[in-house]
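The structure appears below as structure tokens.
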Amino acid sequence: MQDVDLNWVAIFVAALIPMFLGALWYSNALFAEPWMRAVDRTRDEVTGAKLGYVLSAIGAVLMSYALARIVRWAEVDDLLNGALVG
């Protein structure tokens, strides 16, 4: 297997961005109340769901790592090709 030099800081930052956006999206400031009404849940039922958040974080790191490997493998060096690979 080929040894690939990856930017681990960029991978973790790329994984944190969807976690941050999800936390903002489902916050009280935006859509927490309408979402809870739509799925027929109470605040007590959704605050105990920490496993889903942990699994989402792991999935975001894995997805960022996989995309970094694909970008490196494809030897992307400009914005247009990066958008095509993404």
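Structure data summary
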| quantity | calculated |
| --- | --- |
| Chain lengthening between Ala32 and Asn81 when straightened (0.36 nm per residue, less Cα-Cα) | 13.9 nm |
| Local net charge near Val46, Cβ-Cβ under 15 Å (Lys/Arg +1, Asp/Glu -1) | 0 |
| Structure-derived Rg and Dmax of the Cα atoms in Å - corresponding label in (i) 15.4, 55; (ii) 17.2, 50; (iii) 11.8, 38 | (ii) |
| Degrees between helix 8-25 axis and first principal axis of the chain (Cα, 0 to 90, nearest 10) | 20 degrees |
| Heavy-atom surface of the chain, accessible at 1.4 Å and reported per residue (Å²) | 82 Å² |
| In Å², nearest 10: area of Leu16 left accessible to a 1.4 Å probe | 120 Å² |
| Peptides ranked, highest mean first, by Cβ atoms within 10 Å: ranges 20-28, 59-67 | 59-67, 20-28 |
| Local net charge near Asn81, Cβ-Cβ under 15 Å (Lys/Arg +1, Asp/Glu -1) | -2 |
| Accessible area of the chain belonging to carbon and sulfur atoms, whole % at 1.4 Å probe | 66 percent |
| Point-charge dipole on Cβ atoms (K/R +1, D/E -1) for segment 14-86, about Cα centre, debye to 20 | 200 debye |
| Segment 15-45: trypsin sites (Lys or Arg not before Pro) in DSSP loop, at most 13 other beta carbons within 10 Å | Arg41 |
| Angle in degrees between helix 50-73 and the longest Cα principal axis of the chain, rounded to the nearest 10 | 20 degrees |
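The values are calculated or read from the model by the stated rules, or taken from the named source; none is laboratory data. Just so you know, these numbers come straight off a predicted model, no measurement behind them. Reconstructed Cβ throughout: ideal geometry from the backbone, glycine too, with neighbour counts over all protein chains shown. Remember, those area values only see protein heavy atoms, side chains included, never the ligands or the DNA or RNA. Shrake-Rupley method; radii C 1.70, N 1.55, O 1.52, S 1.80 Å.
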